[in-house]
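S.K.: Have a look at this one before I ask anything.
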Amino acid sequence: MKPSYEHTKFCLVFLMGMLIFSLSGCGGGSSPTPASLDADNINLIFVVSPDLAYDPLGDINSTTANLSNQGLQRSLLMATYLKQQLLGTKNVTGISVLEPMTHPQTVNNYPDMAAIGFIQQFALLNQITIQGTTANSYPLYAAYGGQGDVPSGVVEPNPYIPGAQGLVFNDASGNNVALVTRIINAKVPGFYVFSAPWETTSALLANIKTTNGYNLNLPTTYRGPNFVYVISIAPSGNAKLITFDSKLSPPATYPVLPLPAANASCTQQTYFSYTRTGGVNGVVIPPGTNTNQTVYLIRHAEAHPASSFEDGNFVGAGQWRALSLPKILPSALRGQISPTQVYSIDPAQSFTYDSLNVSYVRPSLTVLPYTIANNLPYYLVAKFNIGNANDPAVAKAASGFFFTGGNLSSQTILLAWEHEHFPPLITYLLQSYGGSVPVPALSWPQGDYDTIWTVTLDAKGNLTVNNALCEGIDSAKLPVTAPQF
C-alpha cells in the first residue's frame, strides 16, 4: 500500500528531529558520526586525557603516571580523528594544555605529562606561518595563568605570559574559566582545543555553563579517553553541546613508524673530551659533587625550518626523531649504561618571541616517547627559570641542580634541554673545578639536532665531558610532515 502524503511528511519531520537531537548533544549523548564542526562558530573542544584516577582502558603507567604505550598509540590515532572528523581538515585556532606540575601523582610526585603528550600529534597535523615561513606545527599553551596557579616549589613566572596560558589542574583561582571566557568574549570563530584530565575538564565545563548561562546538559560521569566534548557557540550566542565518540581501539605496543628514520654519522661537531681530576693541575673537586653519575645531554627535536621560526613546539619533522628515539638511542649509546631517569624543562616556562606568545614545550615532548617506551621516571626542572642562555646565574642554577648536592648520585640521566644553554652549563661546570688548565670555548651548531654530550662523574667526583656520541638520525632526510597514524 502506498504511504499517504501525511504519513511521509510525518516520517520526514521525525527523522529531521532525531538528527537535530543527536547533533545538539542533548542529554550528553553521542551520535555515531557527527558532522564536522562549523568553522563560523566558536568551538571549544575538550579532549579528556587519562590520569591515574580515571584510566579504565590502560592508557597510564601506574608506576610512572605517564602514558603507556597504548596511551601513546591512542594519542596518535586521536590526532587524526580530531583533524579529520571534528575540524574537517581545517586548521586549529588554539591549543591549551594542562600545566604538568599542577598535577603531581604517586608518592614520587611525577608531573602529569599525559595531557600535553595526548595532544602533541594533533598539534603537528596543523600549520602555522611565522615571518613568512609555514611549517607543520602549532603552539601548545601551558603557561601559568596567574597568581594562585603556581605550585609549591615551582618558580614564579617573571613575567606571566597570559597569551600562552594553559590549564591548572585544580582551578582554585578561576583562571581556567577566565581563559575560556576571554575566548568567548573575543568572538573570534574557530577551533579551540583543551587537553586535560577528567577532573579539570568536567569542572571547567560546569563553570562555563554557569558563567555564561548556557542551557547545556553536561556529562556527569567519566566515559573514557575516546570521548570528546564540544561547546559550539553560534554567532547568535546560542550554545550547544556535541559529544563525539572516536571509538578508538589502539594496540598496547609501542607505535611503529611508517618508515624508519634515515641514518647519519656524527659529523656536525668537532670532537672534544675534557677531564678534571682532583689533585691534578690544581683541580679541586667541588663540595657536594655527585658521584657515579652519567648525564646524556640532547637537544630537542627539529624546530626551526627558518631562523626566524619559533612557536615553542617542534615541527612535523621533529616528531619522526622523537618517536624514533626509543629505538635508536640504545645503539647510539654504544653499549654505555642506559638512562635510569629522564629530565627536561617544565613546558609551562613561557616567553614572548617577536610578539608571539610561546610555551617552551619541545624539549619535554622530545624525550616523552623514550620515557613511555622504557617505563622510566620523568621529571621536570621547575625550580628556576631557564631564562637567557648567556645569564651566568642560569648556568650556575642548572649545574647545581644536576651535578652537586648528591641528589642524583648513582643515576644515569637523559636530559633534554635547549642547545644554547649547553655550552654555558658545561663551561660553568668545568670552571667550578678550578685548576690551571683553561676552559675551552664550547659551542653547539645551530643546525645540529643529533649530537649527544656526555658528562660523567666517577666514584670520587672526577669529571669527564665529551661529545663522542650522536643519535644517528639524518635531519635533512626527515619528512616535513609528521608521521601519519
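Here, each number is a calculation from the coordinates, and none is a lab measurement. This is a predicted model, so every value here is computed, not measured. Positions of Cβ are backbone-derived with ideal geometry, glycine not excepted, and every protein chain shown enters the neighbour counts.
S.K.: In straight Cα distance, which aspartates and glutamates are under 17 Å from LYS327, not counting same-chain residues fewer than 8 positions off?
M.R.: Counting by Cα, and skipping residues close in sequence, LYS327 has these aspartates and glutamates nearby: ASP450, GLU471, ASP474.
S.K.: Which percent, to the nearest 5, of DSSP beta bridges fully inside the chain are antiparallel? Could you put the intermediate results ahead of the total?
M.R.: Numbers: 42 of 72 bridges.
The answer is about 60 percent antiparallel.
S.K.: What percent do you get for the relative contact order of region 288-327 when only Cα pairs under 8 Å and 6+ apart count? It would help to have the intermediate numbers written out before the result.
M.R.: Working: 20 pairs, mean separation 13.3, N = 40.
Relative contact order of region 288-327: 33 percent.
S.K.: Report the label-to-label distance for ASN217 and ALA252 in nanometres (one decimal), using points 7 Å from each Cα along the Cα→Cβ vector.
M.R.: Spacing of the two 7 Å Cα→Cβ label points: 3.7 nm.
S.K.: Kindly provide the helix-only [θ] at 222 nm of the chain, computed as the sum of -39,500 (n - 2.57) over DSSP H runs of four or more divided by all residues, to the nearest 500 deg cm²/dmol? Don't jump to the answer; show the numbers that get you there.
M.R.: On the way: 9 runs with 123 residues, N = 485.
The helix contribution divided over the chain gives -8000 deg cm²/dmol.
S.K.: Still on this structure, please answer the following. Output the peptides 170-181, 324-335 sorted from most to least packed, where packing is the average of other Cβ atoms within 10 Å over each peptide's residues. Mind dumping the intermediate values first?
M.R.: Values: 170-181: 18.2, 324-335: 16.2.
Listed from highest to lowest mean packing, they are 170-181, 324-335.
S.K.: Mark the label point 7 Å from the Cα of ASN108 along Cα→Cβ and return the residues of region 45-73 whose backbone N is within less than 20 Å of it.
M.R.: Those under the cut-off are 50-55, 58-72.
S.K.: Apply the Karplus parameterisation 6.51 cos²θ - 1.76 cosθ + 1.60, with θ equal to phi minus 60°, to every residue of region 224-232 and state each ³J(HN,Hα) to the nearest whole Hz, in sequence, with x for glycine and proline.
M.R.: Along region 224-232, the couplings run x, x, 7, 8, 10, 10, 10, 9, 9 Hz.
S.K.: Ranking TRP453, TRP417 by Cβ neighbours within 10 Å, fewest first, what do you get? Don't skip to the end; give the middle numbers.
M.R.: Numbers: TRP453 25, TRP417 22.
Arranged by neighbour count, lowest to highest, TRP453, TRP417 become TRP417, TRP453.
S.K.: Take the alpha carbon atoms of region 107-160, find their center, do the same for region 234-261, and report the distance between the two centers in whole angstrom.
M.R.: Their Cα centres are 19 Å away from one another.
S.K.: Here is a further query. Give the lysines whose C-alpha is closer than 29 Å to that of LYS240, dropping any in the same chain fewer than 8 places away, or say none.
M.R.: Partners found: LYS9, LYS83, LYS90, LYS187, LYS209.
S.K.: Going 7 Å from the Cα of GLN336 in the Cα-to-Cβ direction, what parts of region 458-485 have a backbone nitrogen less than 18 Å from that spot?
M.R.: 458-473, by backbone N distance to the label point.
S.K.: Same structure again: What is the extension gain from GLU156 to ASN281, computed as 0.36 nm multiplied by their sequence separation minus the C-alpha to C-alpha distance, in nm to one decimal?
M.R.: Working: separation 125, 0.36 × 125 = 45.00 nm, distance 4.15 nm.
Full extension of this stretch gives 40.9 nm more.
S.K.: May I pose another question? Equivalent-ellipsoid semi-axes (√(5λ), Cα gyration tensor) for region 38-245, whole Å, largest first? Could the numbers behind the result be given before it?
M.R.: On the way: eigenvalues 113, 80, 73 Å².
Semi-axes, largest first: 24, 20, 19 Å.
S.K.: Something else about it: So for the pair GLU418, LEU52, with labels modelled 7 Å out along Cα→Cβ, what separation do we get in nm?
M.R.: My value for the distance between the label points is 3.1 nm.
S.K.: If I take every Cα pair under 8 Å that is 6 or more residues apart in region 325-475, average their sequence separation and divide by the length, what percent do I get for the relative contact order? Write down the numbers at each step before the final one.
M.R.: Values: 187 pairs, mean separation 35.9, N = 151.
The value is 24 percent.
S.K.: Can you tell me, using C-alpha contacts under 8 Å and at least 6 residues apart, the relative contact order of the chain as a whole percent?
M.R.: Numbers: 1056 pairs, mean separation 102.1, N = 485.
Rounded, it is 21 percent for the chain.
S.K.: Which order do the peptides 138-148, 34-44 come out in when sorted by mean C-beta neighbours inside 10 angstrom, highest first?
M.R.: On the way: 138-148: 23.1, 34-44: 17.4.
By packing density, highest mean first, the sequence is 138-148, 34-44.
S.K.: Normalise the Debye intensity by I(0) for the chain, one equal point scatterer per Cα, no solvent, then take log10 at q = 0.10, 0.11 Å⁻¹ and round to two decimals.
M.R.: Rounded to two decimals, the profile gives -0.75, -0.89.
S.K.: Further question: Consider all pairwise Cα distances in region 227-317 and report the whole-number % of them above 22 Å.
M.R.: Values: 2928 of 4095 pairs.
Above the 22 Å cut-off, region 227-317 has 72 percent of its Cα pairs.
S.K.: As a footprinting exposure proxy, order ASP474, ASP149 by other Cβ within 10 Å, with the fewest listed first. Could the numbers behind the result be given before it?
M.R.: On the way: ASP474 13, ASP149 27.
The fewest-first ordering by Cβ neighbours comes to ASP474, ASP149.
S.K.: Separate question: Search the structure for amide H atoms under 5 Å from the amide H of LEU356, placed 1.01 Å from N in the peptide plane, and list their residues when 5 or more places away or on another chain.
M.R.: Counting only residues 5 or more places away or on other chains, the set is empty.
S.K.: Just subtract the alpha-carbon distance of THR80 and ALA468 from 0.36 nm times their residue separation and send over the number in nm, one decimal.
M.R.: Details: separation 388, 0.36 × 388 = 139.68 nm, distance 3.87 nm.
Residue separation times 0.36 nm, minus the Cα-Cα distance, leaves 135.8 nm.
S.K.: Then there is this: Kindly put ARG74, ARG321, ARG182 in sequence by how many other C-beta atoms sit within 10 Å of each C-beta, fewest to most.
M.R.: ARG182, ARG321, ARG74
S.K.: Another question, if that's okay. Which of the lysines could a cross-linker bridge to LYS396, judged by Cα under 28 Å and excluding same-chain residues fewer than eight apart?
M.R.: Straight-distance partners of LYS396: LYS383, LYS460.
S.K.: Continuing with the same structure: Helix 175-186 versus the longest principal axis of the chain: what is the Cα-based angle in degrees, 0 to 90, to the nearest 10?
M.R.: Long axis of 175-186 versus the principal axis of the chain: about 60 degrees.
S.K.: Net charge around VAL154, counting only other residues with Cβ within less than 11 Å of its Cβ (Lys, Arg = +1; Asp, Glu = -1)?
M.R.: Neighbour charge sum, excluding VAL154 itself: -3.
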